[in-house]
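Data block below; observations after.
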Amino acid sequence: MILKKVRGYSSLGNRFSKYFLVGLLAFVVDTTVFVITRNIFLLGLAKSNVIGMLVGLLVSFTLNHSWVFSKTFTPSRSILRFIVFITNNIMVLYASTWLIVTLEELTSHFGYTSIREVLCKMAVMSLVVVWNFTVYSKIIFREPKLKIGEHASIPT
């Protein structure tokens, strides 16, 4: 009984470690796209933020699907849940970034992405890491509930 619990925690810790690595990569991709669209393509803060987030979430979903949460699940349901998840995250990210930028008056940086904008983005993104892990593990990639007598199938 205790051994099963320890293995369960070990499995969760391993999964979170993988999730953290995927999230770190997605964050680097997100922030790189953000800085490029903001400075090279001269898009506004909101558009750059949304584009960076979408690209980062695509990387995150792909790697989380194939490596972190590679269990049996219904792909169409996971994709639908992911779309709802993205929509929610974009709204929260947009509102949070707007609020931080407005409060800090970051509009006087001569058209270049300021370090404070990137730091604000990092602060907002760090707040949603635990939230996103919970959503991924409990909603997007949740395992189907088994009926009495059923056994989980191993994906091939």
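What follows draws every value from the coordinates through simple rules; no lab data is involved. Bear in mind the structure is a predicted one, so any value in this text is a computation, not a measurement. Here the Cβ is made from the backbone with ideal geometry for all residues, glycine too, and neighbour counts use every protein chain on show.
Things to note:
- Packing, as the average of other Cβ atoms within 10 Å across residues, places the peptides 122-128, 21-27 in the order 21-27, 122-128, highest first.
- Note on SER66 and VAL130: their simple-model spin labels are 3.1 nm apart, each label 7 Å out from Cα toward Cβ.
- Neighbour-count ranking [beta-carbon atoms within 10 angstrom, fewest first] of SER17, SER96: SER17, SER96
- Highest-first packing order for the peptide set 48-61, 77-90 is 48-61, 77-90, based on the mean count of other beta carbon atoms within 10 Å.
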